[in-house]
1. Going through 173, 189 one at a time, which residue ends up being exposed (fewer than 15 other Cβ atoms within 10 Å of the Cβ) and part of a strand (DSSP E or B)?
2. What number of residues in segment 123-146 are among the charged types (D, E, K, R) and without any contact (Cβ under 8 Å) to a residue 40 or more places away in the chain?
3. Every residue in segment 137-162 that is of a type in the set (D, E, K, R) and either buried (at least 17 other Cβ atoms within 10 Å of the Cβ) or not assigned by TED's automatic domain parsing to the domain that holds residue 67 (or both), please.
4. Among (1) over 24 Å from residue 54 (Cβ atoms); (2) surrounded by fewer than 21 Cβ atoms within 10 Å (Cβ to Cβ); (3) touching a residue at least 60 places away in the same chain (Cβ under 8 Å), where does residue 116 come up short?
Amino acid sequence: MSNKQRAKKEKFTQPEKKSKGPLIGGVIALGIAILAGVFFWGGGGDADKYAIATIGETVSYENSVIPQVKVDPVTAENGKVVVTTLSELKEKKFIYTQYRAPGKILPLTALVQPDGGVVVAVSVCEPCNSDSFRVDGKYLACNACNSIWDIKTFKGISGGCEDFPPDRLIYTQNGDNIEVDEAILNAWQPRV
């Protein structure tokens, strides 16, 4: 068999070598699509992990000053602390309570944001050590030092304590109850 015939035979009997260019291009396109999806549909913001419950309606605080409404202190039961209920927040909008455990008292707050989302936080302005706040229009404000934060993002706007907004907590919704894990509250330490 001549070299020419052998080359022809190998051409038909050997598997064809495929270019990897389209495969690499496809993988890159898929990666870009996944990153775009994460960015646009849910991986982009911190706020998502803090405000999971909603009262089902929007709230307007424009031209209003809303103080915290004090409610009864709370304790843990089966590893969970019911900070408030959606019903209570729908009525009061902004509450103050205390988590009480042996050797620990931790001020807590819960508020309804303008979009109806619920945020739970430690009710402490750590540098000035105040535990009292108010909603002032579209801002959350400390009653002692008057530092202000955006009510939706908790980003500091002005004041001596603007880098330390109330420390938002991750919570769960169980029916009407807004619950925080007891371990999170027991482990909480001031950031300053």
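The values are calculated or read from the model by the stated rules, or taken from the named source; none is laboratory data. What you see is a predicted model; the values in this text were computed from it and never measured. Backbone-built Cβ (ideal geometry, glycine too); neighbour counts: all protein chains shown.
1. None of the other options fit; the residue is 173.
2. Final tally of qualifying residues: 1.
3. 162 - this is the single residue of segment 137-162 that is of a type in the set (D, E, K, R) and either buried (at least 17 other Cβ atoms within 10 Å of the Cβ) or not assigned by TED's automatic domain parsing to the domain that holds residue 67 (or both).
4. Unmet for residue 116, out of (1) over 24 Å from residue 54 (Cβ atoms); (2) surrounded by fewer than 21 Cβ atoms within 10 Å (Cβ to Cβ); (3) touching a residue at least 60 places away in the same chain (Cβ under 8 Å): (1).
Listed here are the residues, each with its yes/no results for (1) closer than 22 Å to residue 114 by Cα; (2) among the aromatic types (Phe, Trp, Tyr); (3) outside any loop (DSSP other than H, G, I, E, B).
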{"residue": "128", "(1), (2), (3)": "no, no, no"}
{"residue": "134", "(1), (2), (3)": "yes, no, yes"}
{"residue": "146", "(1), (2), (3)": "yes, no, no"}
{"residue": "152", "(1), (2), (3)": "yes, no, no"}
{"residue": "160", "(1), (2), (3)": "no, no, no"}
{"residue": "183", "(1), (2), (3)": "no, no, yes"}
